[in-house]
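Asker: Take this structure first; my questions come after.
The values are calculated or read from the model by the stated rules, or taken from the named source; none is laboratory data. Fair warning: this is a prediction, and the values are worked out from it, not measured in the lab. With ideal geometry, Cβ positions are generated from the backbone for all residues, glycine too; neighbour counts draw on all protein chains shown.
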Amino acid sequence: MLTLRRGRVTAVVERHESDLSNAHAYVCGPPPMVEAAMPMLTGLGVPDKRIYYDKFTTTGGEEAS
């Protein structure tokens, strides 16, 4: 059965994980989300060298119609 979660990904991970010292983390999203995830992941034990991330932004301007 699929269980859906709502809210910030950092809050969901913190609620369901207590030790990620053996994990690799892949984070992709807007800069504020990535910046919030980094200390949360290291706080749960993920070594810095095993956290991979990509911050993305929009190019701005009007959306095409």
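Asker: Among the listed residues A23, A11, A64, identify the single one that is among the small types (G, A, S), at pLDDT 95 or above and either surrounded by 10 or more Cβ atoms within 10 Å (Cβ to Cβ) or not in a helix (DSSP H, G or I) (or both).
Answerer: Working: A11 fails: at pLDDT 95 or above; A64 fails: at pLDDT 95 or above.
Being among the small types (G, A, S), at pLDDT 95 or above and either surrounded by 10 or more Cβ atoms within 10 Å (Cβ to Cβ) or not in a helix (DSSP H, G or I) (or both) holds for just one of A23, A11, A64, which is A23.
Asker: While we're on this one: Can you say whether G29 is touching a helix residue (DSSP H, G or I) at 6+ places or on another chain (Cβ under 9 Å) and modelled with pLDDT under 95, as far as the supplied structure shows?
Answerer: Numbers: touching a helix residue (DSSP H, G or I) at 6+ places or on another chain (Cβ under 9 Å): yes; modelled with pLDDT under 95: yes.
So G29 passes the test.
Asker: Okay, next question. Within the range 30-46, identify whether any single residue is in contact with a Lys or Arg (Cβ under 9 Å, 6 or more places away or on another chain), surrounded by 15 or more Cβ atoms within 10 Å (Cβ to Cβ) and among the β-branched types (V, I, T), and answer yes or no.
Answerer: yes
Asker: Residue check, K49 against (1) in a helix (DSSP H, G or I); (2) under 13 Å from the mean Cα position of the chain (by Cα); (3) surrounded by fewer than 13 Cβ atoms within 10 Å (Cβ to Cβ), all met but one. Which one?
Answerer: (2)
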